Amino acid sequence: MHVKDKVVVVTGAAEGIGAALARRFAAEGAAKVVVVDRNGEGAAATAAAIGGEAVTLDVTDGPATAAMVADIEARHGRIDLICCNAGIGDADPDKDDPTSSPDAVWNRAWNVNLMAHVHAARAVIPGMVARGGGYILNTVSAAGLLSQIGGAVYSTTKHAAVGFAESLAITLGDQGIKVSILCPQGVDTAMLRQGDAASQPQNLDGVMTPDEVAEAVIAGLAAETFLILPHEQVLTYMQRKAGDYDRWIGGMRRLRAKMAQA
């Protein structure tokens, strides 16, 4: 897909990767970019900078998501591309115990990192099927393909997001609906800056800017590849994991020990 003349919706777009995607889609000539975030002021600022529209929305609210999609389709006739980009990441409170996060943290991450994708897909699929096509881009993470040391909640919910996107692609591909997942490693966003970047293993291959990630997305959408990997090394790591799971786990243990000393 090329986004020129397309109606695009981006969630989690008040800042970070979402804002960079919104800017880049506008620069590529999208007919309309709808900037969605629970931070209404941030969404409005991003939208104002690119001549887009702002929507204040909690992506975990399924009925509100459906109402937003219906409103956009009524006013613009369609949604060509929806980017489910909102996400949250919480580290394990006890780095030696993957079960240490309380249930409230697990539930919140489940709702944002997975169920928000389900709500959005449920809302846009009928229109896309009726029109004979559309595109769903879900921001996941390399953690959904590999793992996140010290982040059991994040890794688990992101793995679930990969599984859901695979189901979308398998089931809807013959109906003209394309699906991609965006899986970067370290990106200079508020999420990364929550902790000590030097001790976060996802940063070992370099920290990208959100604009660099958006560039990778444009290339991935044009190629219509399921996996969009801004950090190309992730593919090698996936192959090593699949080739010898036990060896890969051993390597991750060694990496964990190394990062603990950083």
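Quick note: the coordinates plus some simple rules give every number you see, no bench work behind them. Note that this is a predicted model, so its numbers are computed, not measured. Cβ coordinates were reconstructed from backbone atoms using ideal geometry, including for glycine residues, and neighbour counts include every protein chain displayed.
For this structure, a couple of remarks:
- ³J(HN,Hα), Karplus 6.51/-1.76/1.60, whole Hz, each residue of region 233-250, x for Gly, Pro: 4, 4, 4, 4, 5, 4, 5, 5, 4, 5, x, 7, 4, 5, 5, 5, 4, x
- Distance between region 112-187 and region 1-40 - C-alpha centres, whole angstrom: 17 Å
- In nm, spacing of pseudo-spin labels at Q175 and R122 (7 Å Cα→C-beta vector): 1.5 nm
- Taking amide H as placed 1.01 Å from N in the peptide plane, T139 has its amide H under 5 Å from the amide H of C84, N85, L182, each at least 5 places away in sequence or on another chain.
- Extension gain for the segment A45 to I88, taken as residue separation times 0.36 nm less the Cα-Cα distance, is 13.4 nm to one decimal.
- Residue-by-residue Karplus 3J(HN,Hα) for region 52-64, coefficients 6.51, -1.76, 1.60, Hz, glycine and proline x: x, 10, 10, 10, 8, 8, 8, 5, 7, 8, x, x, 5
- In summary, the lysines within cross-link reach of K4, defined as a Cα separation below 21 angstrom excluding same-chain residues under 8 places away, comprise K32, K178.
- Segments 154-166, 16-28, 68-80, 232-244 sorted - mean Cβ within 10 Å per residue, highest first: 16-28, 154-166, 68-80, 232-244
- Taking every DSSP helix (H) stretch of at least 4 residues in the chain, weighting each as -39,500 (n - 2.57) and dividing the sum by the residue count yields a mean residue ellipticity at 222 nm of -15000 deg cm²/dmol.
- For region 29-34, Karplus couplings with θ = phi - 60° (6.51, -1.76, 1.60), whole Hz, Gly/Pro x: x, 4, 5, 7, 10, 9
- The stretch between L235 and Q261, if pulled fully straight at 0.36 nm per residue, gains 6.7 nm over its current Cα-Cα span.
- Cα-based helix-to-principal-axis angle, 16-27 vs the chain, degrees rounded to 10: 40 degrees
- The chain, relative contact order in percent, only Cα pairs under 8 angstrom and at least six apart counted: 17 percent
- Largest GNM mean-square fluctuation among V187, V105, V55, using the chain with Cα springs under 10 Å: V105.
- Look at (1) 63, 45, 37; (2) 54, 48, 34; (3) 54, 38, 33: the one that is Cα extents along the principal axes in Å derived from this structure is (3).
- Extension gain for T99 to S167 (0.36 nm times residue separation, less C-alpha to C-alpha distance): 21.7 nm.
- The amide H of V179, built 1.01 Å from its N in the peptide plane, has I136 as neighbours under 5 Å, considering only residues 5 or more places off or on other chains.
- The chain: angle of helix 152-172 to the longest principal axis, Cα-based, in degrees nearest 10: 40 degrees
- For the chain, the longest principal axis of the C-alpha atoms and the axis of helix 210-223 are separated by about 70°.
- Cα-based reach from K158 at 18 Å (exclusive), listing aspartates and glutamates while leaving out same-chain residues under 8 positions away: D90, D92, D103, E166
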